[in-house]
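A quick write-up on the structure given underneath.
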Amino acid sequence: MKKVLIVHGWGGSDAPHWQAWLAGEVAKDYGMVAFPLLDTPHFPSKNRWMKQVKALLNDMNPDIVICHSLGCTLWLHLCNEGEIAPVSRLLLVAPPRLTCEIEILKTFFPIEPPKNLFANEAMMVTSDNDPYMSHVEAQELQKSLGVEMKVLEKAGHINDASGYTEWLWVKEWVQQ
């Protein structure tokens, strides 16, 4: 049985977001899934979120971690801190640029790419028109992290607002 931890971004990823759908799909297949609502998702704190996710990682010991948006940035911070156990597979979907001027998110930025992603296998999924990271910035991050990258065409921020609700590709990726 696969154990999957899903980490949302700024504001959460409730239905109809693909992360909420994926959590249900993993559970329907009798997988173990944690899809927690992190503390005050609309007013996030890096330190509180890191504490919550570290506790989940310790309690659950997931095989797979799937992060979206600010959740990707959170994972990078956890990796830079270096106090987490490696996972088998990591998926970083729509990570934002490494610098961000949004005042409410200032505790998360800037961030340096980590030297170790604490994953045996990692992949990044980006869009060629994401408002939070240009294609060039995504290529630079991919090169820095040394991971495979899948680029979706005209997928925006790869969320429900850009049509990503039931996303079969991500379910298949989990089932591999």
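The values are calculated or read from the model by the stated rules, or taken from the named source; none is laboratory data. Just so we're clear, the structure is a prediction, and the values are computed from it rather than from any experiment. For neighbour counting, all protein chains shown are included, and Cβ atoms are generated from backbone atoms with ideal geometry for every residue, glycine included.
What the table shows:
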| quantity | calculated |
| --- | --- |
| Qualifying residue in region 156-163 (condition: in contact (Cβ under 8 Å) with a residue 40 or more places away in the chain, touching a helix residue (DSSP H, G or I) at 6+ places or on another chain (Cβ under 8 Å) and outside any helix (DSSP H, G or I)) | yes |
| Failed item, numbered, when Phe118 is tested on (1) on the phi > 0 side of the Ramachandran plot; (2) in contact with a helix residue (DSSP H, G or I) (Cβ under 7 Å, 6 or more places away or on another chain); (3) without any contact (Cβ under 8 Å) to a residue 40 or more places away in the chain | (3) |
| Sole exception among (1) within 24 Å of Ala34 (Cα to Cα); (2) touching a Leu at 6+ places or on another chain (Cβ under 9 Å); (3) assigned to a loop (DSSP other than H, G, I, E, B) for Glu83, by number | (2) |
| Residue within region 123-131 that is under 20 Å from Asn80 (Cβ atoms), surrounded by 15 or more Cβ atoms within 10 Å (Cβ to Cβ) and in contact with a helix residue (DSSP H, G or I) (Cβ under 9 Å, 6 or more places away or on another chain) present | yes |
| Among the residues listed as Phe108, Phe118, the single one being among the aromatic types (Phe, Trp, Tyr) and touching a Lys or Arg at 6+ places or on another chain (Cβ under 9 Å) | Phe108 |
| Counted residues, region 58-73 - those being among the small types (Gly, Ala, Ser) and outside any helix (DSSP H, G or I) | 1 |
| Region 16-35 - residue that is closer than 19 Å to Ala94 by Cα and without any contact (Cβ under 8 Å) to a residue 24 or more places away in the chain and, of those, surrounded by the fewest Cβ atoms within 10 Å (Cβ to Cβ) | Ala20 |
| Restricting region 36-57 to residues that are part of a helix (DSSP H, G or I) and in contact (Cβ under 8 Å) with a residue 60 or more places away in the chain, the residue that is nearest to the chain's Cα centre (by Cα) | Lys46 |
| Given (1) part of a helix (DSSP H, G or I); (2) closer than 25 Å to Trp167 by Cα, number of the condition Leu90 does not satisfy | (1) |
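For (1) closer than 17 Å to Leu70 by Cα; (2) out of contact with any strand residue (DSSP E or B) (no Cβ under 8 Å at 6 or more places or on another chain); (3) surrounded by fewer than 20 Cβ atoms within 10 Å (Cβ to Cβ); (4) modelled with pLDDT under 95, each residue gets a yes or a no:
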| position | (1), (2), (3), (4) |
| --- | --- |
| Pro113 | yes, yes, yes, no |
| Met133 | yes, no, no, no |
| Gly156 | yes, no, yes, no |
| Glu172 | no, yes, yes, no |
